[in-house]
1. Out of all the residues in the range 227-242, which are away from ligand 1 (no atom under 16 Å from the Cβ) and either among the hydrophobic types (A, V, I, L, M, F, W, C) or free of Cβ contacts under 8 Å to residues at least 60 places away in the same chain (or both)?
2. Quick check on GLU401: is it of a type in the set (Asp, Glu), surrounded by 14 or more Cβ atoms within 10 Å (Cβ to Cβ) and within 16 Å of ligand 1 (Cβ to nearest atom)?
3. Any chance you could count how many residues in the range 120-136 are more than 16 Å from the chain's Cα centre (by Cα) and surrounded by 16 or more Cβ atoms within 10 Å (Cβ to Cβ)?
4. Where residues in the range 307-337 are assigned to a loop (DSSP other than H, G, I, E, B) and closer than 14 Å to GLY131 by Cα, which of them is farthest from the chain's Cα centre (by Cα)?
5. Given the options THR30, THR75, THR25, name the one that is among the polar types (S, T, N, Q) and open to solvent by 50 Å² or more (accessible area, probe 1.4 Å).
6. So which residues in the range 361-393 are assigned to a helix (DSSP H, G or I) and in contact (Cβ under 8 Å) with a residue 24 or more places away in the chain?
7. Which is closer than 30 Å to ASN413 by Cβ, part of a strand (DSSP E or B) and among the charged types (D, E, K, R), of LYS43, LYS32?
8. Which members of the range 229-252 meet the condition of being over 13 Å from the mean Cα position of the chain (by Cα), within 15 Å of ligand 4 (Cβ to nearest atom) and polar (S, T, N, Q)?
Amino acid sequence: HKYSKNEIKEIIAKENVQFLRLQFTDVFGTIKNVEVPVSQVDKVLNNKMMFDGSSIDGFVRIEESDMYLYPDLDTFMIFPWATDENGGKVARLIADIYTVDHQPFAGDPRSNLKRVLKDMQKRGFKEFNLGTEPEFFLFKMDENGEPTMKLNDHGGYFDLAPLDLGENTRREIVLEMEKMGFEVEAAHHEVAPGQHEVDFKYSDALDAADNIQTFKIIVKTIARKHGLYATFLPKPVTGINGNGMHVNMSLFNENGNIFYNESDELQLSEEAYQFMGGILEHAASFTAITNPTVNSYKRLTPGFEAPVYVAWSASNRSPMVRIPAARGNSTRLELRSVDPTANPYTAFAAILTAGLDGLDRELTPNHAVDQNIYLMDENERKRAGITNLPDTLLAALDQFEEDETMVDALGKNMANTFVAAKRVEYASYRQHVSQWEIDTYIQQY
Ligand code: GLN
Ligand code: MG
Ligand code: MG
Ligand code: MG
């Protein structure tokens, strides 16, 4: 372990930490937190902090509402920016949720991911390593601090200032991340105006999920400081690229990355192909988890560098799974469909379960598709065995529910809660009459 309880208490005293924030993530990916004065540190570190679970969407009924927060000591981190007038700081710990009977709570996405990872370890694997590429937009804010739909620049891919007005904001995001222990590998302007990407070093699935949640807090906090509003919404603006969150994955055992095999044509191992076979097999059914909002499906459309079809390639970027060029211990599969509204804990649980199912069943993926899928017609796609990702949240939910393996990846309870809430969300969307309908139909009918 990185820190003991005593070490945390020493750091708290030395760094003048005044408040402790206990963070967790609900089923829908929303980050929740409770803040306590540092006088409560013993209670926090001894798993004695309670909260009312019935007040969190998708958690429990009122009759069984008391829950415990068990902090994961390794996630201790001091926020570099949050100071009061006396220089007091705020630290955070990410917590797992336990029931009154001191059992891991089945509706806690983080505990569930741990369960799935334990299952992976029982099969002899050591780590599921993930490197993610979350994208976001920076919008201007109005005088009242409310987000507007005005993008903050007209830059494009890898552009420099003055086109890239987000540069200072992005740079400060990177500096704050480094202060918090992130290893940032690259930060750049993305293809769309006002769009950015920050890539940080891969880590095992649990850390990777924690990091994504922390990253979102940092980005939103620093953007606000610069008078900008950061959003990870998959498709905030019609007609330009949306926000994806590519997930680069590899599976390690004691000897390293098992996806690498020198002697294969593509230098991929049998396990890599089977894992990918599982990803392709379950892709349509885990899309509800990796792309969980109505808006997600506005991104998964042709022409904007986001995938629409279930296929893989080692050489081109249009398919859903790509094999980046690096080999050896960096051999990995890149899943390009995921977007940043996904709850990273449930998304990684689903993706890993899909891959492991591929290993269990020794699934072999269809042939790689090395031509541009968007230039193929439906018959050509059919002949190549290429299927479609679901095109609405509703279709995605239907497919998810039919796939028992994916439902089990979340656990039945959490899966049911998720689907029920998302169906309500979709029904509300369906009842809304949009500007597009008015513009398209009102004069015609
Ligand atoms: N923004 C694109 C998406 O929606 C990805 C662009 C890229 O990183 N090449 O997935
Ligand atoms: Mg990238
Ligand atoms: Mg990108
Ligand atoms: Mg990428």
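The values are calculated or read from the model by the stated rules, or taken from the named source; none is laboratory data. In this text, all values refer to a predicted model and were calculated from it rather than measured experimentally. Glycine gets a Cβ as well: all are built from the backbone with ideal geometry, and neighbour counts include every protein chain shown. Only protein heavy atoms, including side chains, enter the accessible area calculation; ligands, DNA and RNA are left aside. Shrake-Rupley method; radii C 1.70, N 1.55, O 1.52, S 1.80 Å.
1. Selection gives LEU228 alone.
2. On the way: of a type in the set (Asp, Glu): yes; surrounded by 14 or more Cβ atoms within 10 Å (Cβ to Cβ): yes; within 16 Å of ligand 1 (Cβ to nearest atom): no.
No; evaluated as a whole, the condition is false for this residue.
3. Number of matching residues: 3.
4. Ranking the qualifying residues of the range 307-337, first place goes to ALA326.
5. Only one candidate passes the filter, namely THR30.
6. Narrowing the range 361-393 to residues assigned to a helix (DSSP H, G or I): 373-375, 378-383, 393.
If the condition is that a residue be assigned to a helix (DSSP H, G or I) and in contact (Cβ under 8 Å) with a residue 24 or more places away in the chain, then ILE373, TYR374, ARG381, LEU393 are the ones that fit.
7. LYS32
8. Within the range 229-252, ASN241, SER250 qualify.
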